[in-house]
Structure formats: structure tokens, C-alpha cells
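> Below is one structure. I have some questions about it.
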Amino acid sequence: YDSEINLTVSWFWVSWFWDGGINVVIGDNTNGIRKARNFDTIRQALSYLVVAISEMYPDSDFAKKWPNG
């Protein structure tokens, strides 16, 4: 929030038998979507977010706390 980084992480169930995975979006519809990906696990999604945000917003408070993702 402090770095004004907009993102969405959501879990979509496509049917009872199939998991659509975890969708990660950096950005938003108002200001533009910068990246969007789908992952099988929350661990993959969070690891990706740490690296991507640190690279995309190197001057943010987040990147200063996690400089190498």
C-alpha cells in the first residue's frame, strides 16, 4: 500500500474437478495491467511477486526491504 503497487491474487475454481490455479496481476484496470501470470501453487505465485515487484518498482519501500527478490 505504501508503495502504491496495485496487484491482484485470486484463486479460480473452474469446476469441481479441476483447479484453474492462482492468477496474479500486477497493475489494475484503471492504471493498466503491467504483468499477468497463472501459477499452480501459492508458493510459486508469491515467489514470483517478490522478484517481479522488486524489479518493476526498484525505488519502492518493498524493493528496499527485499532487494534481490
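> Bin width 10 Å, origin at 0, all Cα-Cα pairs of the stretch 30-69: what percent of pairs per bin?
Each 10 Å bin holds this share of Cα pairs: 29, 48, 23.
> Now for a separate question. So between D61 and T41, what do we pick up on full extension, going 0.36 nm a residue minus the alpha carbon distance?
Numbers: separation 20, 0.36 × 20 = 7.20 nm, distance 2.60 nm.
Difference between extended and current length: 4.6 nm.
Values quoted throughout were computed directly from the atomic coordinates according to the rules given, and no laboratory measurement underlies them. The model shown is predicted, which means the values in this text are computed figures rather than measured ones.
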